[in-house]
Each structure stands twice: as structure tokens, then as C-alpha cells.
Amino acid sequence: MSAMKGVDDAFLGVGDRPGLEIWCIMGTSVVPIAKSLHGRFYTGNCYIILSTDELKSRVRRHNVHYWVGKEAKEEHCVIASDKAVELDAALGSQAVQYREMQGEESDEFLSYFRPCIIPVQGSFSSHWRRSGEESDQTTMFRCEGEHVARVREVPFSRTSLDHMAAFIVDTPLKIFLFSGCNSSTQTRAKALDVIKHLRENRHCGRCEIGTIEDGKLVGDSDAGEFWNLFGGYAPIPRDVPDAANGELITTTSKKLFWINKRTLAPMDTHLLDREMLNSNRSYILDCGSEIYLWIGITTLFSERKTSIIVLEDYVRSQGRSSIGHTVIMTEGHEIPNFKLQFQHWPKNIVQKLYDAGREKVAAIFKHQGYDVAEIPEDKPQQFISSNGTLKVWLVDRGSVTLLCAEEQEQLYNGDCYIVQYSYVEDGKDYNLFFAWSGQNSVQEDRVASVSLMSSMADSVKGPAVVGQVSEAKEPELFFLVFKSLIIFKGGRSAAYKNSVLQKSDKTEWYQKDGAALFRVQGLRHDCARAVQVDLVASSLNSSHCYILQDGDSFFTWTGSLSSPSEHDILDRMMNTLFPRKQSLLLREGSEPEHFWKTLGGISEYSKEKFVKGWPADPHMYTCTFQQCLFKAKEVFSFSQDDLATEETLILDCGEEIYVWVGLHSGVASKEHALDIGKMFLQAGIAQDGRRSIVDTTVYAVMEGDEPPFFTSFFNWDSSKQVAAVLGNSFERKLAMLKGISPKLEAPERIVRRSPSRRPGTSSEPTTPEQKQQQPAAARRTFGSASAGKVANERSPSASPLTPSWSPKSRASSSPSTPLVARRLLPSTLHGAAHAPSSAAAIGSPARRR
């Protein structure tokens, strides 16, 4: 490969496969680091780390981190910064660069090296002179973090201990874990991962493990051994807040500068807008804890190097060289946190490279002699059994009516429905519930449907997952539970009919003997749908097939870009909609006058090929409430092990999000879990900013009830499922680490009750005495918005055949929407607070007129 001007030869051809590539700065050169040494960083060196991920769109995403050890030379830091720019240039200026200071690394960087990184004193050149001396000496580490472990070596002294973190003391024969009384359960569990790593790498898997809880001394042999290492027990002083970090975090004012040669020109930051950034300039945005450098796409390579020098000088002048995070990005490759700083940031424009690529592949196949009319669409992934049982209820003013088998696949866009799909997977019974809202449904029915669905799901036997979905935004999973689905205009509920009477405009209803236009689509031959659309020519699309009814006359219309498989689905849906009726088959361009007259005349319609976009790459977020505000933080490089039983996590898959609720999270019900999902969408934390519940399907998945269509996002190990294991995440990991058989409990879900304390007050203990007095099950709750003690009672298993679903009766056994949630959400989002008061009636499966 030919050399690139201004780019080190060591970077040519890198980033062509997923994974990590690491280089160490040695003098003025970069030396590649063997994979066996990845994660071993020396405090006297600087490193460059390239992380490459292949997205579902087949595009490679690159992150470049340059790590600076606390004892690294200043000239090496400058070289590392320059080399990171060269590496970015070798990757086409598409990478995001992060400056990582030892001890202040970003979560994303630490996630590459699980369970932790423990910087080694000295330099890389001394590596070959070190040989297993670690296991012969006693070392002490301070461990923080809940999804990534932040580990740093501290002096082996009692004065290094505090109440906020977990501490590991590694001796030649035994590893001790000291848990500060104010450390979180997840931090303690993460410290056990570090202990496991130390035991395997420093002790060849052979050493004892002792655990000490802050403030506990009586009857604990491990505590006696631990304190003897320090010459005896002595109380630990009260924690003192870190003033420097606290000041940095509370800094809320933003500063924006554009780089004019080597000087900074301040800009107005009253309202930040994307239009303020010019493609031929570079800008520095200082947000306190993060400093961003944005480089316009038309800037020269030399200008980019100059901009980074200016950034380094700015950070140094602010006295923040060792604190805070610095992120460098090129226009078009901005990270979500940067976009969130602006009042308005346009959403990413979906490029049509996918369509062009498909055509090129088809042309190649034809050139090689294959008869290829088109490249077929990818088949839907089958993550749910097709042999389940379907039930559908119509929601009407707080009550539900079970539809007969003939009607359960015929929905109206003015109504709301509850769909239950019961199926067996790997010998286990599952239930999937949907609350479906038509585009013209009334708010009263929408709110009631979610509340009623949650109650129905709680009453069935076996795992139950609930989902809230809106018409025209249904996921593939929704259609897979139906063999065929027809969506008519109009509605049958009394609430909808009453709303129509109050409107002055005339609402279109489906009339059996009238005129109607249906768009026909399908995932496969046995999974099809027909949706009634507006009776106008502009509703047509060359990519789809349609059925046009005009009294007793019927036309089946095939778009010029539709496929043969879609034509087969069209014939099937014609027989389903209008059995024993004959239709006139029309190909696009051969329509008779009668056809256009029924549609009100010829008009323009879309003739572009409809191409399904690439699926979104999943992202995981942990959710908390801080000072009555909803907060979400991304969990990078997530895995099944990140599903901590004390937490509520969001798995964001673009058009669908899953709210995973741990057994000990304090979230009281599936309905509350859906509310959390809505708050996440409104907060605009995700990749494309704020989204609407109407455009996104929200699922609630409880720990232990994970269905295959959720576990498919992980390398799922069913042996790790701990739905029936007692204890928090720390107790579970400790039992596994010590080889102790965990205690089991019956699979019934724990009932959580609302707390009596005032929302917004902290439930975390601050002293060992308070820790002792607090019930163990209540030591970890979901923030202050829905915190609740875990009761020991079991919920009675109601029969799925005779449930009594009523918002009023439900209120006595399940808490309403949290107060903080009601403050954060508009009244339309918290169903429990606005559910109808009338009891829900279960109608017979007789046909409704």
C-alpha cells in the first residue's frame, strides 16, 4: 500500500476489521502492542487505541483514544496527539478522537478492557524485566463504577479507606474486599469481577477470598484478618466531598469559540444552533465536564493539527489537563452528547446507498450469467413461535370485550385493542401483550388500554412481556402474531363514536357496499396485512400492491416496483377481504377510466422504490432519577452481565425500545416500566434525539421473563438466568465466586409496594449504623421516583381465564404512577393516574355490530 502524505506508515491499512489495535509511543515512533498485552498500560507511557466496530449497515465506525499516563513525558503527549490526528486521516477523517488521562478515562474506553485496567508503574520498556513479582507483595486498590470498574492502586494504609467505594487488598494468600457503607451494590459486584481477574492472573486461580462490610465486626473472621493487616481496627473518618470535582460538575454555562488561526474568538452561546457551525472552520465547545473540538469537513489537514494544538493549550490554560474529557470529531461524525448541547440539530439524512448497492450487486450477478430480476428483501428474523394462540380485546371506556376468532384480525383505526399471544418456546410458556392504538383513537381509550394490558399481563401464568404500539409504526413482531391483519377506517367503541359526533368534519368510515382503497403488504406468504388508506390517487405507491373496491366492482393493482411474492400476497388478501369475489388485475400504467374515477381522478403519487432501511444498532442505557430529574447514561459494549437486578435499563433499538426491569429495581409494575420508556424518548438522549411514543414501540421486560426476541440482542447464556435466585447482584456473584450453591425461591414475581416516605428524598444510608438498621431488600432502589421496598409476599396466581381487570380494583394492589413521573410526564403519558374509574367488563366473544 502506498504511503499517505503526513501519515505514519504504521497506520496504513488499519481499521479493516472489528476489534482493538493499540500502539505505544516510543520516542518519536509508534510501536504496535500484541493482543496478549492489551489492557496493560504503563504510567510512564502514552498509547493510541483504535476501536473498530462494524455496524448493521456494514459501515465501520472508528474511535481513536490516546491514553496519557500520569508519569508520561510532555513530548510524548504531544506526539500522541499528533499521531492520533494522523490515524484519523488514515481512516478517512471519520473517527472520533478521545483524550484519556490516567484515572479519568471515559466509560467507553474502560468498556474495551473488562473487567478493568490496572496501570503498571514504570514504562513499557521495563516490561520484559518484570516477572511475576505482583503475587509476592500486598497491594491495595480502590474500586468505583457500576458498569465499568474504575480501579486505581492506593497506598496500603488504613487512611486510604473511605465509606464511598469498595477496596481490594491483594495479599499472597488471600484477597480481601472491603465494601464502604455508602458504596452501591453494583460497585461491590463490579469489585468482585476485579477480584476474579486478580485471582486468575496473579494467583493462578488459587487463593481465598474474604469480604468485609463497613461497620461489621462481630462474628466475622474475615474482618478480624483484614483489620490485623492494618495493625487493628480504627474508625474511618466521615467522607469529605471532592471540591475540585464538585465545582467542575456544577459548571453549567457553555462557552463556544471558533479557532481563528491560533487564537480563540468567543461566540454567543445564549442559544446554540447547528447553523452556527461553518464547514471551513473549527470550533471548541466547553461544557464543563466535557470539552469538544468540532472540525469542519472542508478544513485542511494542517488546520486540523493546528486546531488540536489550540485545544491542548486551552485545556492547559484552564488548569484541566488531568480532569474532564476531551472529544474531537469531524463534521458528519458527531456523537449524541455533542448534538444534545444544541437547541436544534437536524436528524441524520438516510442515504440511498443501500438501494444503489443492491442494484450494483444485481448487475454483477446478471453479468455472470445468473437470471436475477432483483435482489430479494431480507427475510424477517423468526424470534417467536408461529404456533401460538391469539386473543384480541376491544377497549371501550375502561372495559374490554373479547373478540371472536372471526373478528380478531379485523381492527379499526378509531379504536384501541389489547392483543395477547400465548406460545411455547423451549418448553416454557410465554405471553406477549400489545396495547395497539389506532391513528384516530381517542385519548381516553389509549390511556385505559395500557393500564388494562398491564393488569391482564400480571394475571396470567408464565412470563409476560408487554408492548405499547401505534398504528403505522408497528414492529415486525406485531404482524408475526397475526396470520393476516386488516385495518379499517372508523371505529366501534362508544368513546370514538361520541368523539365523531362532536366533530364538525365528516370522518371516513368503511362501508361494505361503498368505495375503499387498501394497501397490501406482507412479511411473507403467511403474514400479510391490508390497511385502508385515503381514497385518492396520491395514496398509491409503485412499490406496493392495492385493492380498490367500488361497490361490487373490485380491482387489484400491482405497482411496477412490486415483487412476485407481493403479488401472491395480494391474491391471498383479496380472498380474505372479499371471499368469492372476482377482481380485475391491473398492472401500473394500464388502469381503465373507472379505476381513476373511483379515486377522484388522476394525480401524482410516489414512484420511487421503497427500500427498507438498515436496522438500527442497539444501545443500552441505565436509568435513574437525580433530584427529581430523569437521567439516562449509556452502557458501552454491553452484555448480559450488565443486566443488574437492582437496575432498570433501556435497550434502544431505534424504532423499538425495551425497558428491562430488575427484580430489585423498585419499579412497581409493567405500566411504570412503560412510563420510564416514554420519559427516555422525551429526554432525547438517544442517537437521533427526542422521539415520540407514537413513532416508537415500547416493551417492558421483567428479569427472569426475557423472551427470545429480547435475548437475541445478547450472547445469551441461559445458565446465567437468575430469576429464581435470591439476593442482589453482589450476593449472587459472591456465591458463584466462592462456589456456593445459591438459594432458590419460587418463580413468582416479587410484589413491590410504594414507599411511604416523601418522593425526592434519598434512601441511601450514610453511616454503618444506618446501614445496619435498613432492611437488606431496600438498600437499592430505583432512584427517588419509584423507590420501593421489596416485599416478601408473593402475588396470587390468578387464572388467565377469569381475570377481573379494572383500573379501580388494581389501584389497591399496585401503586399508581410515581409522583416524580407525573411531574416529568404530561398527563397523557401516565395511565394509572388518569385511568377510567369504571370497572372493566369482559364481554362475550359474540360478534359486535
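Taking only alpha carbon atoms, the stretch 592-731 gives an Rg to Rh ratio of 1.18, where Rh is the Kirkwood radius.
How high is the FRET efficiency between K216 and T138 when r is their beta carbon distance and R₀ equals 25 Å, given to the nearest 0.05? The value I calculate is 0.65.
Mind checking the per residue accessible area of the stretch 1-112 for me, 1.4 Å probe, whole number of Å²?
On the way: 4710 Å² over 112 residues.
Accessible area per residue: 42 Å².
Note on S29 and S125: their simple-model spin labels are 1.2 nm apart, each label 7 Å out from Cα toward Cβ. The largest accessible area among H344, H270 belongs to the first residue in H270, H344, and the rest follow in falling order (1.4 Å probe, all chains).
For C204, C287, the ranking by accessible surface with the largest value first comes to C204, C287, using a 1.4 Å probe. In plain terms, if you count all Cα to Cα distances in the stretch 482-620 and split them into 10 Å steps from zero, the share in each step is 11, 38, 32, 16, 3, 0 percent. In this simple spin-label approximation, Q94 and S603 carry label points 7 Å from Cα along the Cα→Cβ vector, and these lie 4.1 nm apart.
R0 = 51 Å: FRET efficiency of E406 with I740, Cβ-based, nearest 0.05? If you can, show how the numbers build up before the last one.
On the way: r = 56 Å, r/R0 = 1.10.
The calculated FRET efficiency here is 0.35.
Ordering W557, W509, W716 by accessible surface, largest first, gives W509, W716, W557; the 1.4 Å probe counts only protein heavy atoms, with every chain in place. When its C-alpha radius of gyration is set against 2.2 N^0.38 Å (N residues), the stretch 100-216 gives a value of 1.05. For the stretch 256-323, the solvent-accessible area with a 1.4 angstrom probe is 49 square angstrom per residue.
Only aspartates and glutamates eight or more places from K733 in sequence, or on another chain, were considered; those with a Cα closer than 13 Å are D193, D641, D642.
The average projected area of the stretch 1-98, computed from the convex hull of its Cα atoms over all directions, is 6.4 nm². In the structure shown, the pairs K473/K607; K609/K678; K254/K305 are assessed against 29 Å; a Cα-Cα span above that value is assigned to K609/K678. What does a probe at Q318 reach in the stretch 277-302, counting residues whose amide N is under 14 Å from the point 7 Å along Cα→Cβ? Those under the cut-off are 283-294. For I335, the solvent-accessible surface computed with a 1.4 Å probe is close to 30 Å², ligands and nucleic acids excluded.
At the residue level, S179 shows approximately 10 square angstrom of accessible surface with a 1.4 angstrom probe and all protein chains present.
The values are calculated or read from the model by the stated rules, or taken from the named source; none is laboratory data. Model, not experiment: these values are computed from the prediction. Because the Cβ atoms are built from the backbone with ideal geometry, glycine has one as well, and the counts that use them run over all protein chains shown. Surface accessibility is based on the protein's heavy atoms, side chains included, excluding ligands, DNA and RNA. Shrake-Rupley method; radii C 1.70, N 1.55, O 1.52, S 1.80 Å.
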